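Below: one structure, written as structure tokens.
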Amino acid sequence: REVKTKPKYSLGDQVCAVSHMQSGHHRLPRYIRGHFGEIVFYHGAHVFPDSNAKFAGENPQHLYNVRFSAKELWGDAARMRDTVSVDLWESYLEPE
């Protein structure tokens, strides 16, 4: 989809997944909220499913792949080299 804004983030940027979400339909996993990760891929702009599911329009947004270290998500019990990558829309992210 085309959007009027430029992507807010670039590859390598450190970001934080927002810690608060409205109830209802969204695609931000609870275990990611409030955690820090790195932008590793930019997918372009895509339909934002949160608004589309509520019949509120496509509201296209920039979509990124963000890599989180397992230690960031689950603490010292996680292995040092393990990571989790999640596709997240721009409104789910804040600068570090």
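The values are calculated or read from the model by the stated rules, or taken from the named source; none is laboratory data. Here the structure is a predicted model, which is why all the values come from computation and not from measurement. As a convention, Cβ positions derive from the backbone with ideal geometry for all residues, glycine included, and neighbour counts pool all protein chains shown. Keep in mind that these areas ignore ligands, DNA and RNA; they rest on the heavy atoms of the full protein, side chains included. Shrake-Rupley method; radii C 1.70, N 1.55, O 1.52, S 1.80 Å.
Observations, loosely collected:
- Each Lys and Arg contributes +1 and each Asp and Glu -1, all at the Cβ; summed about the Cα centre of the chain, the dipole is approximately 140 debye.
- Nearest-10 value in Å² for the accessible area of Arg27, using the 1.4 Å probe: 130 Å²
- Other residues lying with their Cβ under 15 Å from the Cβ of Trp74 contribute a combined charge of +3, Lys and Arg counting +1, Asp and Glu -1.
- Environment charge at Leu28 (Cβ cut-off 15 Å; Lys +1, Arg +1, Asp -1, Glu -1): -1
- Helix-only CD estimate at 222 nm, as mean residue ellipticity for the chain, using -39500 (n - 2.57) per DSSP H run (n ≥ 4): -1500 deg cm²/dmol
- Of the options [x] 14, 42, 29, 12, 2; [y] 17, 55, 28, 1; [z] 16, 46, 30, 7, 1, only one is P(r) over Cα pairs in 10 Å bins from 0, in percent as computed from these coordinates, and that is [z].
- The chain - accessible surface per residue (Å², probe 1.4 Å): 64 Å²
- Using C-alpha pairs under 8 Å with a sequence gap of at least 6, the mean separation divided by the residue count of the chain gives a relative contact order of 30 percent.
- With every protein chain in place, the chain: carbon and sulfur % of accessible area (1.4 Å): 49 percent
- Close amide H contacts of Asp13 (hydrogens built in the peptide plane, cut-off under 5 Å, sequence separation of 5 or more or a different chain): Ile39.
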